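The structure under discussion appears below in the form of structure tokens.
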Amino acid sequence: MIGNPAYPTYQAFLALGVAALITAVLMPFWIRLLRVEGIGQQVRADGPKRHLVKQGTPTMGGVIILIAVVITCLLVGRVTTRLVLVLVATVATGALGLIDDLTSVTHGRSLGLTPHAKMIGLTLICVVFTVLAVSLCGVAPFVSFPGGFSIDLGVFTTTFAIGGQTYVFPWLYLLFTWLLIAGLSNAVNLTDGLDGLAGGTSMIAMLVMAAITFLGGDPNLTVFATACAGACLGFLWFNCYPASIFMGDTGSLALGAGFSCLAVMAKAEAVSLIVGLLFIIETLSVMIQVVSFKLTGKRVFLMAPIHHHFEKLGWAETKVVIRFWIVAAAFGSLGLALYFQLGA
């Protein structure tokens with residue numbers, strides 16, 4: 001481990017810089033390899049016409065993001081059960097996204113895995129993570145809200161003893177974390193539709209989670225959060241308009257999972273919904289569009305997710321992205337402010 005654990009702020013900033021540097025150094029080689037192998041993004045046929053020029057742009061940049069995060073956590077952080085659980089859940093979700101990306105590239109279409117297959121994978125990851133977090137790390141199965149109000153979701157609990165270790169299955173809390181982790185993973189995935197959009201908004205959300213975990217007294221989770229933010233920062237150099245590479249489901253699913261797993265460990269689940277509200281709005285826009293079209297045959301938005309709606313209105317892609325960054329920063333600031341009200 002490099003750095004001095006007696007100075008957690010130094011470690012946090014060091015992790016951000018190291019992850020950004022690793023990503024910036026490795027990404028050009030990864031882009032070159034993907035181009036040689038002919039591995040590129042498949043663009044939606046029903047998307048904005050201006051996106052057709054992106055067809056064939058290298059994807060799966062999330063592989064380098066994950067490599068940078070893992071290396072940084074091992075170099076800068078101290079290996080603890082809590083850090084390992086979050087790291088493994090994030091990498092496992094990224095592996096699921098990698099299968100999705102490879103399926104999409106292999107079949108030459110933008111659909112990837114079926115929603116059913118993807119949800120099964122996310123469910124397994126969520127259940128294992130939550131059970132181990134509660135059983136090994138003492139994460140309490142309740143949800144706290146600003147103002148001191150909390151809901152106990154551990155009222156229906158089953159315990160199993162395996163090899164001398166007791167494993168706790170709080171069923172209601174498992175359902176809640178499944179909605180949180182699977183929901184936010186897919187939400188970040190839906191946000192990944194414009195150059196720099198998912199990378200920039202994820203970086204902002206992770207910086208807020210870094211502050212929350214720091215205030216919560218877990219410097220190793222802070223290292224993870226700043227490593228994710230740093231990897232996004234390094235990635236944005238190559239992903240800003242016009243993008244040389246996309247993160248793919250490998251990166252977007254993993255970043256969503258990492259963000260929500262941090263929220264569970266920091267007992268900031270409710271606050272994370274405010275911090276990640278932009279991602280939730282993106283998801284809601286898709287749900288509203290689908291329901292409206294099925295019930296009335298009419299669309300509420302010109303195109304969903306909502307960032308494409310603004311493109312259809314004539315906004316430049318960079319204008320949409322920067323304004324969404326601003327909105328994400330506003331939500332993040334509000335969420336951090338509300339975090340101080342937890343337990344008040």
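The values are calculated or read from the model by the stated rules, or taken from the named source; none is laboratory data. Given the structure is predicted, the values throughout are model-derived calculations rather than measurements. Backbone-built Cβ (ideal geometry, glycine too); neighbour counts: all protein chains shown.
Taking the criterion of being loosely packed, with under 14 Cβ neighbours inside 10 Å, at negative phi and assigned to a helix (DSSP H, G or I), would at least one residue in the range 273-280 satisfy it? Show your work before the answer.
So in the range 273-280, the residues loosely packed, with under 14 Cβ neighbours inside 10 Å come out as none.
No, there is no match, as no residue in the range 273-280 is loosely packed, with under 14 Cβ neighbours inside 10 Å, at negative phi and assigned to a helix (DSSP H, G or I).
Let's see how each residue does on (1) surrounded by fewer than 24 Cβ atoms within 10 Å (Cβ to Cβ); (2) modelled with pLDDT of 95 or more; (3) among the aromatic types (Phe, Trp, Tyr); (4) in contact with a Gly (Cβ under 7 Å, 6 or more places away or on another chain):
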{"site": "ALA231", "(1), (2), (3), (4)": "no, yes, no, no"}
{"site": "TRP237", "(1), (2), (3), (4)": "yes, yes, yes, no"}
{"site": "ALA257", "(1), (2), (3), (4)": "no, yes, no, no"}
{"site": "MET287", "(1), (2), (3), (4)": "yes, yes, no, no"}
{"site": "ARG323", "(1), (2), (3), (4)": "yes, yes, no, no"}
{"site": "PHE331", "(1), (2), (3), (4)": "yes, yes, yes, no"}
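Take the residues in the range 104-119 that are at pLDDT 85 or above and more than 15 Å from ALA254 (Cβ to Cβ); name whichever of them is nearest to the chain's Cα centre (by Cα).
Let us first name the residues in the range 104-119 that are at pLDDT 85 or above, namely 116-119.
Among the residues that remain, those that are also more than 15 Å from ALA254 (Cβ to Cβ) are: 116-117, 119.
On the way: HIS116: 20, ALA117: 19, MET119: 15 Å.
That would be MET119.
Need the failing condition index for GLY56 against (1) more than 24 Å from THR226 (Cβ to Cβ); (2) in a helix (DSSP H, G or I), just the number.
Of (1) more than 24 Å from THR226 (Cβ to Cβ); (2) in a helix (DSSP H, G or I), only one is false for GLY56: (2).
Tell me which residues, restricted to the range 239-248, are in contact with a helix residue (DSSP H, G or I) (Cβ under 6 Å, 6 or more places away or on another chain) and either assigned to a loop (DSSP other than H, G, I, E, B) or surrounded by fewer than 19 Cβ atoms within 10 Å (Cβ to Cβ) (or both). Walk me through how you get there before you give the answer.
Taking the range 239-248 first, the residues in contact with a helix residue (DSSP H, G or I) (Cβ under 6 Å, 6 or more places away or on another chain) are 239, 241, 244-245, 247-248.
Those that are in contact with a helix residue (DSSP H, G or I) (Cβ under 6 Å, 6 or more places away or on another chain) and either assigned to a loop (DSSP other than H, G, I, E, B) or surrounded by fewer than 19 Cβ atoms within 10 Å (Cβ to Cβ) (or both): TYR241, SER244, ILE245, MET247.
Find the residue count for the range 291-301, including only residues that are surrounded by fewer than 13 Cβ atoms within 10 Å (Cβ to Cβ) and not in a loop (DSSP other than H, G, I, E, B).
Initial filter on the range 291-301 (surrounded by fewer than 13 Cβ atoms within 10 Å (Cβ to Cβ)): 291, 294-298.
Those still in the list that are not in a loop (DSSP other than H, G, I, E, B) too: 291, 294-296.
Result for the range 291-301: 4.
Looking at the range 249-265, is at least one residue over 30 Å from PRO28 (Cβ atoms), assigned to a loop (DSSP other than H, G, I, E, B) and under 20 Å from the mean Cα position of the chain (by Cα)?
So far as the range 249-265 goes, no, none of its residues is over 30 Å from PRO28 (Cβ atoms), assigned to a loop (DSSP other than H, G, I, E, B) and under 20 Å from the mean Cα position of the chain (by Cα).
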